[in-house]
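Here is the structure we will look at.
The values are calculated or read from the model by the stated rules, or taken from the named source; none is laboratory data. Predicted, not measured: the structure shown is a model, and the values here were computed from it. In this analysis, Cβ positions are derived from the backbone assuming ideal geometry, glycine residues included, and neighbour counts consider all displayed protein chains. Just the protein is used for accessible areas: all its heavy atoms, side chains included, with ligands, DNA and RNA removed. Shrake-Rupley method; radii C 1.70, N 1.55, O 1.52, S 1.80 Å.
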Amino acid sequence: MRWIVALLLALATAPAALAQDRDPILVPEISQHDIVLRQGFTGANLLLYGAVLDPQDRAIEYDIVVVLKGPTEPIQVREKERVFGIWINAETTSYRSVPSFYAMASSRPVLDIVDERTAAIYELGLSYLQLSPSGSINPAEQQRFSEGLVDLRQRQGLYAQYDEGVHISQGVLYRADIPIPSNVISGRYVAETFAITDGRVISSATSEVQVFKKGFELGVEEAANDYAFFYGLFAVGLSVFMGWAAGRLFAMI
């Protein structure tokens, strides 16, 4: 019920916008704009919902696509190769900016809604993510590394695609549930919502979610970043001590 009440409040502000714009507009909302990463955090479920409002009251059927992206980060991908029965790092490639998290939900499979060109422009789907490799790399290698990176992050739960994950009611209201795994990083997450008809994006809107650490977890992260050397020594010393203490404990039993 809370998301319905919030949507009604958002719709109350829509008439002014409709008076200025005769194109259909999106009124998006998110169930929570802040996610706190605490000890024992097991993930969250983010509800993205809203409405498509048409000032001309045309009988148009819309498709909705929702894309949620996490902060970008540089990353190096290594390809493992088996040599004499031993797996070793072989070729590598670096990427300048890779979304730390990516999830897409759509009312129908993407290629049933738009063509490949439009999907690539708006990055609608895992196959159309615009990753940015650094340095020179031939297209075949780039595709292989990109597919490997996407596959790895899918298995980590950080990348996902939910075809038919958006539910539309009465041709106006929509909602999509996107799981947030426990291994996400802190930062600004952007939710982009697209209203599409006849293969064309006719309206879009963005919302933000802040994912952050608080309290003890934030202190540990800041210590690891600001005093990396001493933090590493402390971590090694603590591991040695715990190993010694466990050995002594089992010796006494």
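Scattering from segment 108-194 was approximated by placing one identical point on each alpha carbon and applying the Debye formula without solvent; log10 I(q)/I(0) at 0.11, 0.24 1/Å stands at -0.41, -1.44. A 1.4 Å probe run over the protein chains yields, for segment 111-185, 56 Å² of accessible area per residue, whole-number rounding.
Each label was represented as a point 7 Å from its Cα along the Cα-to-Cβ direction; for Ser97 and Asp163 these points are 3.0 nm apart.
The distance between label points at Ser204 and Ala140 comes to 3.4 nm (points 7 Å beyond Cα on the Cα→Cβ vector).
Straightening the chain between Thr197 and Ala120 buys 26.0 nm, computed as 0.36 nm per residue apart minus the Cα-Cα spacing. Mean projected area of the Cα convex hull of segment 34-151, taken over all directions, amounts to 12.0 nm².
Along segment 154-165 the Karplus relation, 6.51 cos²θ - 1.76 cosθ + 1.60 evaluated at θ = phi - 60°, assigns HN-Hα couplings of 5, 5, 7, x, 8, 10, 7, 9, 10, 5, 6, x Hz to successive residues, with x for each Gly and Pro. Note on segment 100-190: with neighbouring protein chains present and a 1.4 Å probe, carbon and sulfur make up 47 percent of its accessible heavy-atom surface.
Net charge near Leu129, counting Lys/Arg +1 and Asp/Glu -1 over other residues with Cβ under 11 Å of its Cβ?
Once positives and negatives cancel, what remains is 0.
Estimated at 0.36 nm per residue, the fully extended path between Arg82 and Asn45 surpasses their Cα-Cα distance by 9.4 nm. Under the simplified labelling scheme, the Glu147-Gln32 pair shows an inter-label distance of 3.8 nm, with each label point 7 Å from Cα along Cα→Cβ.
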